[in-house]
Amino acid sequence: MDVATFTPIDVLGLTPEQAETLRADMPDISVVDIPEGAAEGIPAYTTWSFGVGVGATSALSEEDAYKIVSR
């Protein structure tokens, strides 16, 4: 964790052309704009994202469900 915390990074966002290619060729991928200040010292940028869903039966206990999503 220390390496991740103290290693400077540069965010490589999508160019407008890359964003348009994703919108046209991969409609299941969302293109999102991240505002400046979303993370300390990181300027605004555009990136891709996708949703993830999980299903379970009512047999899954609330405690086990919490363990799954809290990690």
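See the values below:
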{"quantity": "Simple label model, 7 Å out from Cα along Cβ direction - V54 to D33, nm", "calculated": "3.3"}
{"quantity": "Coordinate range along principal axes, alpha carbons of the chain, Å, largest first", "calculated": "46, 38, 18"}
{"quantity": "The chain: most fluctuating residue of T57, T46, T15 per GNM, C-alpha cutoff 10 Å", "calculated": "T57"}
{"quantity": "Helix-only CD estimate at 222 nm, as mean residue ellipticity for the chain, using -39500 (n - 2.57) per DSSP H run (n ≥ 4)", "calculated": "-8500 deg cm²/dmol"}
{"quantity": "Which of T21, T5 has the fewest Cβ neighbours within 10 Å, and the rest in rising order", "calculated": "T5, T21"}
{"quantity": "Distance between modelled label sites at T21 and E40, nm, 7 Å Cα→Cβ extension", "calculated": "3.5"}
{"quantity": "Amide H partners (placed H, <5 Å) of I34, local residues excluded", "calculated": "Y45, T46, T47"}
{"quantity": "DSSP loop GluC sites (Glu not before Pro) with at most 13 other Cβ within 10 Å excluded, longest remaining stretch of the chain", "calculated": "1-35"}
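Rule-based calculations on the coordinates, nothing more; no lab input. Keep in mind that this is a model prediction, so the values were computed, not measured. FYI the Cβ positions are ideal-geometry reconstructions off the backbone, even for glycines, and counts take in every protein chain you see.
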